[in-house]
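What follows is calculated from the coordinates using simple rules that are stated; it is not laboratory data. Given the structure is predicted, the values throughout are model-derived calculations rather than measurements. Here Cβ is always computed from backbone atoms with ideal geometry, including for glycine, and neighbour counts include all displayed protein chains.
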Ligand SMILES: NC(=O)c1ccc[n+]([C@@H]2O[C@H](COP(=O)([O-])OP(=O)(O)OC[C@H]3O[C@@H](n4cnc5c(N)ncnc54)[C@H](OP(=O)(O)O)[C@@H]3O)[C@@H](O)[C@H]2O)c1
């Protein structure tokens, strides 16, 4: 099935990397608060893909454009901007909404700092209309790895969500990207477990002199 994927904050570390990997497979709209920045990011994606001999379909626009054009929207923004960004947009009804957002702070080492709703994904779901189907995914893969198009992505991707159809669509999308393999990680209320893995990975990288640490379930 073909989908249009909108990426809100699609110019950032992870958003741009996800756009690079998804645009050869799907129609992608890179969103930004600044449409010129979104277009520049798309040019960067297209030229990186060309170097790999890959043709991709993507265009830039505002975050609102990316949301309205999409069937599936990825919220690739820092947790601290989640509320203001969601409040500034309309049209989440009936969308599949993917949250890769990890609320955390750095105080020497990384600490998971969830909101009172329990996780970023639960906070997001509470702000959206009931018909929006939120899934947690892509929380534990570094932006560097998304952008390194000359290497495969060979990680496991846990997915949380309450709508079985939406979760199936997201898991299928993940399984089409490089060597990623998706796993059902339970209901949306389990998202805090997935989000909290990222500060663990960053601490392991930091204290053990490693880079881009990820997870593989075996
Ligand atoms: N970076 C990673 O390796 C990684 C890995 C896994 C998960 N994540 C999660 O993915 C999310 C994005 O991370 P990131 O590192 O990609 O973030 P980022 O590069 O710091 O920011 C992403 C985008 O957010 C937008 N933004 C910045 N300030 C904003 C504001 N005040 N209001 C609205 N939008 C604003 C910017 O887009 P415009 O300026 O174009 O609007 C920016 O390009 C985070 O929640 C993070 O926890 C990141």
Decide, for segment 102-218, between rounded, prolate and oblate: order the square roots of the alpha carbon gyration tensor eigenvalues as a ≥ b ≥ c, take rounded if a/c falls under 1.5, and otherwise choose prolate if a/b is larger than b/c, else oblate.
oblate
Any idea what log10 I(q)/I(0) is at q = 0.13, 0.16 Å⁻¹ for segment 4-208, Debye with uniform C-alpha scatterers and no solvent?
-0.66, -1.03
For 201, 25, 124, what ranking results if the residue with the fewest other Cβ atoms within 10 Å of its Cβ goes first?
25, 201, 124
Which FRET efficiency value, to the nearest 0.05, do you get for residue 3 and residue 200 by plugging their Cβ-Cβ distance into 1/(1 + (r/R0)^6) with R0 = 22 Å?
0.10
Give me the distance in nm between label points sitting 7 Å out from Cα along the Cα-to-Cβ direction at residue 57 and residue 106, one decimal.
3.8 nm
For the chain, what's the relative contact order in percent, using C-alpha pairs closer than 8 Å and at least 6 residues apart?
18 percent
Based on the mean of other Cβ atoms within 10 Å per residue, sort peptides 64-75, 6-17 so the most packed one is first.
6-17, 64-75
Report for the chain the percent antiparallel among DSSP-assigned beta bridges with both residues inside it, nearest 5.
20 percent
For segment 168-218, shape from the Cα gyration tensor axes a ≥ b ≥ c, cut at a/c of 1.5 then a/b versus b/c, turns out oblate
Could you tell me the center-to-center distance, by alpha carbons, between segment 44-87 and segment 172-187 in angstrom?
19 Å
Here the residues of segment 129-162 lying in the modelled label zone of residue 117, meaning backbone nitrogen under 13 Å from a point 7 Å along Cα-to-Cβ, are 129-136
So if each residue of separation counts as 0.36 nm, and I subtract the Cα-Cα distance between residue 183 and residue 128, what length gain in nm does that give?
17.3 nm
Order 128-134, 55-61 from most to least packed using the mean count of other Cβ atoms within 10 Å.
55-61, 128-134
Order these peptides, 116-122, 152-158, by their mean beta-carbon neighbour count within 10 angstrom, highest first.
116-122, 152-158
Calculated [θ] (222 nm, deg cm²/dmol) that DSSP helices of n ≥ 4 give over the chain, each run adding -39,500 (n - 2.57)
-11500 deg cm²/dmol
